[in-house]
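The structure appears right after this line, and notes come after that.
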Amino acid sequence: MSHASSEFIPARIAILTVSDSRGEAEDTSGHYLQQAALETGHQVVARAIVKDDIYQIRAQVSAWIADHRVQAVLITGGTGFTARDNTPEALLPLFDRQIDGFGELFRMVSYEDIGTATIQSRALAGIANQTVLFAMPGSTRACRTAWERIIESQLDARNRPCNFHPHLKK
């Protein structure tokens, strides 16, 4: 069975920046993801910044998972190894299914840019309530790598042999 469409179908995307230090003005990663999504033809239906706190992250993402308008959530920040990097711990209990290949592929393509430092990335993805969630590092460069090399094509219903559109809320 083909999981591809002959026409572009915009996804309804929410963008979450996880940071203890960035406000709206300094959120270059969130700005990049919003601009990239809009330029590709998707809709950005929500955007927020939360502190790197398991429960604040989980609360915001849970609200979007429950929201019929949101089909995909792009999360930037909180995926490193410091004590304040809590995004994986916040998201894992929410997943109905983890998308193991996202983290694996992200680290593979990141290796080309940053070498072995990529092993400290805990980028991950999953699906919850027919909402796909992609969590990537907080740097704009990492967000660009994730969007251009992985996410953009997987949110495009025309991508063959498969993409995430058949698994998203209608």
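The values are calculated or read from the model by the stated rules, or taken from the named source; none is laboratory data. Since this is a predicted model, take the numbers as computed values, not measurements. So basically every Cβ, Gly included, is an ideal-geometry build from the backbone, and we count neighbours across all protein chains shown. Each accessible area value is taken on the protein alone, full model and side chains, heavy atoms only, with ligands, DNA and RNA left out. Shrake-Rupley method; radii C 1.70, N 1.55, O 1.52, S 1.80 Å.
Odds and ends about this structure:
- Highest-fluctuation residue, 130, 60, 34 considered, GNM on the chain with Cα pairs under 10 Å: 60
- Accessible surface for residue 50 stands near 20 Å², nearest 10, in the context of the full protein assembly shown (1.4 Å probe).
- Of all DSSP-defined beta bridges confined to the chain, some 30% are antiparallel rather than parallel.
- In order along segment 111-127, phi translates into HN-Hα couplings of 4, 4, 9, 10, x, 5, 4, 5, 5, 8, 8, 10, 4, 7, 8, x, 10 Hz, rounded to whole numbers, per the Karplus curve 6.51 cos²θ - 1.76 cosθ + 1.60 with θ = phi - 60° and x for Gly and Pro.
- Applying the criteria of a DSSP loop state and at most 16 other Cβ atoms within 10 Å to the trypsin sites (Lys or Arg not before Pro) of segment 25-126 yields 51, 69, 84.
- Inter-centroid distance (Cα atoms) of segment 117-170 relative to segment 11-85, Å: 13
- Accessible area in the full protein assembly, largest first, 1.4 Å probe, for 21, 139: 21, 139
- More than 22 Å apart - percent of Cα-Cα pairs taken over segment 1-141: 37
- Length available on full extension from residue 95 to residue 48: 0.36 nm per residue minus the Cα-Cα distance, which gives 14.9 nm.
- Take residue 102: with every protein chain present and a 1.4 Å probe, its accessible area is about 10 Å².
- Summed over the residues of the chain and divided among them, the accessible surface reaches 48 Å² per residue at a probe radius of 1.4 Å.
- The trypsin sites (Lys or Arg not before Pro) of segment 132-164 that meet both conditions, a loop assignment by DSSP and at most 14 other Cβ atoms within 10 Å of the site Cβ, are 158.
- Comparing mean-square fluctuations of 127, 119, 13 from a GNM of the chain with C-alpha springs under 10 Å, the top value falls on 119.
- Nonpolar atom fraction for segment 12-143, defined as the carbon and sulfur part of the 1.4 Å probe accessible area, stands at 52 percent.
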